[in-house]
Amino acid sequence: MTDATTIDIPGYRTGTWVLDPAHSEVTFSVRHMMISKVRGTFGMKSATLVAPENPLEAKVEASVDVTSVDTKDEARDNHLRSADFFDVENHPTMEFRSTGTRVEDGDFLVDGDLTIRGITKPVTFEFEFGGFGVDPWGNYKAGATAKTVVNREEFGLTWNAALETGGVLVGKDITITLDLQGAHQPA
C-alpha cells in the first residue's frame, strides 16, 4: 500500500472547478435476470470541486437528477421513478459529498458520502484523470472518470421479483460510472 500525503498532477490548477453538464454523464449498470446487464443514465444537476494546493485535500460535491433516469424503456424508467425504487416524488436527487482523497496502490481514490433515496452511506470512487486542456473559447478544462460499485439494497432499493428458473430479476450490485468534464473558474 502506498500512502501519499501529496501528489503531483501535471496541469492541476487550484481554485474552483464547475461541472460542464454538456460534456458529463452518469451511467449505471445492474444484472438483469442473472444473465445480462441493464444500463442507464442520469442527468447531472451540478458538481463542484474545490482544489487547494494539495490535490489530496480537494473537496467534491455533486448532485444527480434521479428523475432523469433513462434505460431506453419508458415502462422500466417509470417503475424506477416509483416508490418501489427511487421514489423521485420524495427524493428527486442523488447526492455525493467527499470526505477525503488518497492514493493507494497507485489508484487515486475519493471517499465520500452517497445519498440515495434519503439514505446516506460511505462509498469510494476510483478516479482516473483524463487530462487538462484549453477549449477554443479559452476555457481551461479537466476531464476524469470515476467508478464505484454499491449494493442497492443498502440504499432502500429492495424491490425484486423471483424467477421461475431461480434467482431474481434485479441484481444487488450497481456499478456507477461518472464521465466528467469541468471548467476552471478563475479567482
Residue list for the stretch 87-104, filter: in a strand (DSSP E or B) and charged (D, E, K, R)
GLU95, ARG97, ARG102, GLU104
Looking at the stretch 33-82, which of its residues are closer than 30 Å to GLN185 by Cβ, assigned to a strand (DSSP E or B) and of a type in the set (S, T, N, Q)?
THR41, SER46, THR48, SER63, THR67, SER68
If a residue has to be in contact with a helix residue (DSSP H, G or I) (Cβ under 9 Å, 6 or more places away or on another chain) and closer than 19 Å to GLU61 by Cβ to count, how many in the stretch 142-160 make the cut?
1
Sole miss for GLY166 among (1) exposed (fewer than 14 other Cβ atoms within 10 Å of the Cβ); (2) touching a Ser or Thr at 6+ places or on another chain (Cβ under 9 Å) is condition (2)
For the stretch 51-79: of the residues being among the aliphatic types (A, V, I, L, M) and at pLDDT below 90, which is farthest from PHE108 (Cα to Cα)?
ALA51
Hits in the stretch 126-141 (condition: part of a loop (DSSP other than H, G, I, E, B) and either surrounded by 12 or more Cβ atoms within 10 Å (Cβ to Cβ) or at negative phi (or both)):
ASP135, PRO136, TRP137, ASN139
Evaluate the following for VAL110: is it touching a residue at least 40 places away in the same chain (Cβ under 8 Å), surrounded by 14 or more Cβ atoms within 10 Å (Cβ to Cβ), aliphatic (A, V, I, L, M) and part of a strand (DSSP E or B)?
yes
Working only within the stretch 119-147, note down all residues that are aliphatic (A, V, I, L, M) and closer than 17 Å to THR101 by Cα.
VAL123, ALA144, ALA146
Does ARG117 fit the bill of being basic (Lys, Arg), buried (at least 16 other Cβ atoms within 10 Å of the Cβ) and farther than 27 Å from PHE86 by Cα?
no
Only one of (1) at pLDDT below 85; (2) in contact with a His (Cβ under 6 Å, 6 or more places away or on another chain) fails for ASN160. Which number is that?
(2)
Find the residue count for the stretch 129-160, including only residues that are over 13 Å from the mean Cα position of the chain (by Cα) and under 27 Å from ILE9 (Cβ atoms).
15
Please find, within the stretch 161-187, the residue that is nearest to the chain's Cα centre (by Cα) out of those that are within 24 Å of ALA62 (Cβ to Cβ) and either charged (D, E, K, R) or not in a strand (DSSP E or B) (or both).
ASP179
How many residues, within the stretch 15-57, are within 15 Å of ARG97 (Cβ to Cβ), of a type in the set (A, V, I, L, M, F, W, C) and surrounded by fewer than 18 Cβ atoms within 10 Å (Cβ to Cβ)?
1
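The values are calculated or read from the model by the stated rules, or taken from the named source; none is laboratory data. Everything numeric in this text was worked out from a predicted model, so none of it was measured. Don't worry about glycine lacking a Cβ; one is built from the backbone with ideal geometry, like all the others, and counts go over all protein chains shown.
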